Amino acid sequence: MLTLAEAKIELDQIDQSVYDAINTVRNGRSDVKLPNIPTGLTQEQLRQIVRHERTVELAFEGLHLFDIRRWKTAETVMNGPVYGITYADASNKLVTVQVVSFNRVFDKSRHYLWPIPQKETYLNPNLKQNPNW
């Protein structure tokens, strides 16, 4: 449903089916029952809503990396320090574990496409390596 909504938003074919698809996901589980999104939103507003819904709804399904690469937002969300779990210490203060020796870098000139394995370029000489690899 979210993929349908996203596709129609990106094609600027916004109609009731976009709202229905998003609201079906928001109302789909009886224990959550989020309110419907309001109608009459702009393309950018709907884009942000569907991206948030995908991030939350599909959190542990291994799709977020592909989403942020498709949305071309990886260079903003992937750069910086790597954080782990946040927990409450003995004094009930929130502490976030940070991997201090590692600072993640996303190079937009090359990391949106993965390198083509060398073996594949040997098998097909017409296949060219992706840029900057």
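Here, each number is a calculation from the coordinates, and none is a lab measurement. Since the structure is predicted, the reported quantities are computational estimates derived from the model, not experimental observations. Glycine also receives a Cβ, built like all others from the backbone with ideal geometry; neighbour counts cover every protein chain displayed.
What FRET efficiency do you get for Thr3 and Ser101 if R0 is 30 Å and r is their Cβ-Cβ distance, rounded to the nearest 0.05? Computed FRET efficiency for Thr3 and Ser101 comes out at 0.20. Taking 0.36 nm per residue of separation and subtracting the current Cα-Cα distance, fully stretching the chain between Tyr83 and Glu120 would add 9.8 nm. Across the range 99-108, computed HN-Hα scalar couplings (Karplus, 6.51 cos²θ - 1.76 cosθ + 1.60, θ = phi - 60°) run 7, 5, 8, 10, 10, 6, 10, 10, 8, 5 Hz from first to last residue, x flagging Gly and Pro.
Placing one identical point scatterer on every Cα of the range 19-76 and ignoring solvent, what is log10 I(q)/I(0) from the Debye formula at q = 0.12, 0.14, 0.25, 0.28 Å⁻¹? Log10 I(q)/I(0), no solvent term: -0.32, -0.44, -1.09, -1.19. Using a cut-off of 30 Å between Cα atoms, the listed pairs Lys33/Lys93; Lys72/Lys128; Lys8/Lys108; Lys108/Lys128; Lys72/Lys119 include Lys33/Lys93 as exceeding that distance. Using alpha-carbon pairs under 8 Å, 6+ residues apart, how would you state the relative contact order of the chain in percent? The normalised contact order for the chain reaches 14 percent. Basic side chains Lys and Arg get +1 at the Cβ, acidic Asp and Glu get -1 at the Cβ, and with that the dipole of the range 2-71 about its Cα centre reaches some 140 debye.
In the elastic network of the chain, a GNM with C-alpha springs shorter than 10 Å, the most mobile of Asp31, Asp89, Asp67 is Asp89.
In loop segments of the range 12-110 as defined by DSSP, the GluC sites (Glu not before Pro) with at most 14 further C-beta atoms inside 10 Å of their C-beta are Glu61. Counting only Cβ charges, +1 for Lys and Arg and -1 for Asp and Glu, the dipole size of the chain around its Cα centre is about 380 debye. Taken over the Cα atoms of the chain, the convex hull encloses 194 Å³ per residue. Based on the convex hull around the alpha carbon atoms, the range 1-40 presents an average projected area of 2.6 nm².
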